[in-house]
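Some notes on the structure that comes next.
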Amino acid sequence: MKIIMLGAPGAGKGTQAKMIAAKYGIPHVSTGDIFRANIKNGTELGKKAKTYMDAGQLVPDSLTVDLLIDRISQDDCANGYVLDGFPRTIPQAQCLEDALAARGESVDYAINVEVPDSNIVNRMGGRRACVTCGATYHIVHIPPKKEGICDKCGSGLILRDDDKPETVQNRLKVYHEQTQPLIDFYSKKGVLKEVDGTQEMNAVFEDIVKILGA
Ligand code: ADP
Ligand code: AMP
């Protein structure tokens with residue numbers, strides 16, 4: 001099963017992608033997580049990506065596409081995967097289509113997690129991410145058991161630099177200009193599914209399971 005998560009930054013793509021990965025036994029592939037791991041490890045790719053990420057801009061397709069295609073070519077992706085944060089532009093989507101078509105494959109579902117901009121600023125301002133394992137929480141909606149500490153690994157939680165209010169507005173603008181057109185792209189391919197992302201996280205997941213099958 002090859003699944004793409006669509007939706008604005010902060011819509012809950014990562015939250016749902018992790019739940020899908022756990023239930024269906026497929027890898028959760030997040031380009032944002034891959035870039036953050038590279039930043040943490042001080043790689044050349046990380047240094048390049050960070051300048052764009054901190055400004056709320058997209059990392060150029062030239063740094064993103066090959067990275068993602070390599071990742072989904074690994075053995076653990078043989079039975080499918082859930083992509084979170086990729087594709088984010090029409091050229092990225094077209095490259096993915098071409099790479100899959102070359103293997104006689106295609107995307108099965110593009111799930112759009114619909115959340116209006118008015119909710120997004122609150123979602124991202126309240127998001128806290130684990131510095132070690134990448135788990136995400138929300139200080140009001142999905143709080144950790146102990147404030148500031150990851151339930152899963154016990155490390156500290158941080159507000160991502162790009163979740164600061166001044167960057168969030170820019171990310172939303174970039175989303176509407178460059179990523180939202182993908183909704184139409186996947187609708188035309190007949191694989192688009194919409195879910196109401198304003199519901200609480202388990203209700204959103206129930207709607208996704210109805211689409212994917214139990
Ligand atoms: P994305 O991957 O789309 O950027 P996340 O999954 O990281 O978004 O979610 C953004 C923030 O909103 C996080 O703090 C997360 O805990 C919270 N969140 C996710 N889903 C819901 C939901 N259904 N209701 C309320 N808050 C949510
Ligand atoms: P995310 O964790 O998905 O919210 O991504 C965080 C940031 O990483 C984005 O704001 C972009 O700067 C960058 N990024 C992640 N995925 C992509 C992508 N597919 N294309 C371009 N930039 C990306």
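A quick yes/no check of all residues on (1) outside any strand (DSSP E or B); (2) over 30 Å from GLU166 (Cβ atoms); (3) more than 13 Å from ligand 1 (Cβ to nearest atom); (4) among the hydrophobic types (A, V, I, L, M, F, W, C):
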| position | (1), (2), (3), (4) |
| --- | --- |
| MET19 | yes, yes, no, yes |
| ASP33 | yes, no, no, no |
| LEU68 | yes, no, yes, yes |
| LEU96 | yes, yes, yes, yes |
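Here GLY134 fulfils each of the conditions (1) modelled with pLDDT under 95; (2) over 21 Å from ASN202 (Cβ atoms) apart from (2). Considered as a group, the residues in region 171-214 that are assigned to a loop (DSSP other than H, G, I, E, B) and not small (Gly, Ala, Ser) include one that is farthest from the chain's Cα centre (by Cα), and that residue is LYS189. Within region 35-44, none of the residues are among the small types (Gly, Ala, Ser), under 17 Å from the mean Cα position of the chain (by Cα), within 16 Å of ligand 1 (Cβ to nearest atom) and closer than 19 Å to LEU182 by Cα.
Each row is one residue, and each column tells you yes or no for (1) under 28 Å from VAL65 (Cα atoms); (2) free of Cβ contacts under 8 Å to residues at least 40 places away in the same chain; (3) within 16 Å of ligand 2 (Cβ to nearest atom).
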{"position": "ARG103", "(1), (2), (3)": "yes, yes, no"}
{"position": "ASN112", "(1), (2), (3)": "yes, no, yes"}
{"position": "ARG127", "(1), (2), (3)": "yes, no, yes"}
{"position": "CYS133", "(1), (2), (3)": "yes, yes, yes"}
{"position": "LEU159", "(1), (2), (3)": "yes, yes, yes"}
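Of GLY7, GLY85, all but one fail to be within 12 Å of ligand 2 (Cβ to nearest atom), touching a residue at least 60 places away in the same chain (Cβ under 8 Å), over 17 Å from ILE211 (Cβ atoms) and crowded, with 16+ Cβ neighbours inside 10 Å; the exception is GLY85.
To keep it simple, each residue is scored yes or no on (1) at pLDDT 95 or above; (2) within 21 Å of ILE183 (Cα to Cα).
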position	(1), (2)
VAL113	yes, yes
ARG123	no, no
GLU147	yes, no
ASP151	yes, no
ASP162	no, no
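Selection over region 101-116 of residues that are over 15 Å from the mean Cα position of the chain (by Cα) and surrounded by 14 or more Cβ atoms within 10 Å (Cβ to Cβ) gives a count of 1. Just so you know, in region 116-174 the residues that are on the phi > 0 side of the Ramachandran plot and touching a Lys or Arg at 6+ places or on another chain (Cβ under 8 Å) include one that is nearest to ligand 1 (Cβ to nearest atom), and it is GLY134.
For region 49-60, how many residues are surrounded by fewer than 17 Cβ atoms within 10 Å (Cβ to Cβ) and touching a residue at least 12 places away in the same chain (Cβ under 8 Å)? Residues flagged as surrounded by fewer than 17 Cβ atoms within 10 Å (Cβ to Cβ) and touching a residue at least 12 places away in the same chain (Cβ under 8 Å) within region 49-60 amount to 3.
The values are calculated or read from the model by the stated rules, or taken from the named source; none is laboratory data. What you see is a predicted model, and the numbers here were worked out from it, not measured in a lab. We place every Cβ from the backbone using ideal geometry, glycine too, and count neighbours over all the protein chains shown.
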